[in-house]
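Notes follow once the structure below has been shown.
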Amino acid sequence: MSKLLTISVLAFAAALSQTTWVETQGSMGKRVEPFARPTTPRVPRTPDSTSPLDTCLPRQDDMCQKFRTLGGHFVSNNKIPARDRELLTLRTAWLSRGEYIWSVHHADYARRAGLTAEEVARVTKGPDASGWSPFDATLLRAVDELQASRFISDATWKALGDRYDDRQRLEVILTVANYTMLAMYFNSTGAQMPNGKTGFPVD
């Protein structure tokens, strides 16, 4: 390969890498495309059901049993603080347009975990909004990176390690993955917001 060709190939590779990086950065904090939310459930629930997860029927089905167990695991089996969990959950719900998740968490779980109403509203503004502590911003940035590129950058991974051990950093990934999956499920099955709950703030 000639020297000129080698230089051209390297220049093209560098430009492609830069373009990919810019595109990824441009998608940071970007929500999924809007959709026409079903006004009625697509999958029926039993009269005594207490959760939209009950649409995964029958209960004795192995897939449904394991899905329900996994879906509920991250509410109360955490090694990270509940407040941190709720920041991850709400940011994931916002970016995924998981309004059922938001409606259930923002006034109940999040407030019990210590998030104020102002902080809950600020979640929609992302990690660069004024008012977050450095570690709060790191948690929100981890969500944005996972949603944008399915990858936590070295800088964010290291920043998480300032407070978390490896087990807790893995929990960050799995928490975001779990609520992304639940948003897909609730959105697609037409989960309706519970009575008395409110959805997303006006964006």
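The values are calculated or read from the model by the stated rules, or taken from the named source; none is laboratory data. Note that the structure is a prediction, hence the values are computed from the model and not measured. So basically every Cβ, Gly included, is an ideal-geometry build from the backbone, and we count neighbours across all protein chains shown.
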By residue number, the members of the stretch 92-107 that are surrounded by 24 or more Cβ atoms within 10 Å (Cβ to Cβ) and outside any helix (DSSP H, G or I) are Gly98
Please work out which residue is nearest to the chain's Cα centre (by Cα), limiting yourself to the stretch 68-88 and to residues that are of a type in the set (Lys, Arg) and either part of a helix (DSSP H, G or I) or within 22 Å of Asn187 (Cβ to Cβ) (or both).
Arg85
Test Asp144 against the stated conditions and say whether it is in contact (Cβ under 8 Å) with a residue 60 or more places away in the chain and surrounded by 12 or more Cβ atoms within 10 Å (Cβ to Cβ).
yes
What tally of residues in the stretch 165-203 results from selecting those that are over 24 Å from Arg122 (Cβ atoms), without any contact (Cβ under 8 Å) to a residue 40 or more places away in the chain and charged (D, E, K, R)?
2
Listed residues Gln65, Gln60; which is outside any loop (DSSP other than H, G, I, E, B), free of Cβ contacts under 8 Å to residues at least 12 places away in the same chain and among the polar types (S, T, N, Q)?
Gln65
Taking the conditions exactly as written (on the phi > 0 side of the Ramachandran plot and among the basic types (Lys, Arg)), does Arg97 satisfy them or not?
yes
Wholly inside the stretch 109-203, helices (runs of 4 or more DSSP H) that include 1 or more residues that are within 14 Å of the chain's Cα centre (by Cα) and under 16 Å from Ile80 (Cα atoms) are 134-149, 166-189
Give all pairs with beta carbons closer than 8 Å in which a residue from the stretch 115-131 that is at positive phi meets a residue that is charged (D, E, K, R); count only pairs at least 6 apart in sequence or on separate chains.
Gly126/Arg91; Gly126/Asp144; Gly131/Glu118; Gly131/Glu119; Gly131/Arg122
Near pairs, Cβ below 7 angstrom, 6+ apart or cross-chain, from the stretch 32-55 (among the hydrophobic types (A, V, I, L, M, F, W, C) and modelled with pLDDT under 90) to any residue that is part of a loop (DSSP other than H, G, I, E, B) and surrounded by 11 or more Cβ atoms within 10 Å (Cβ to Cβ):
none
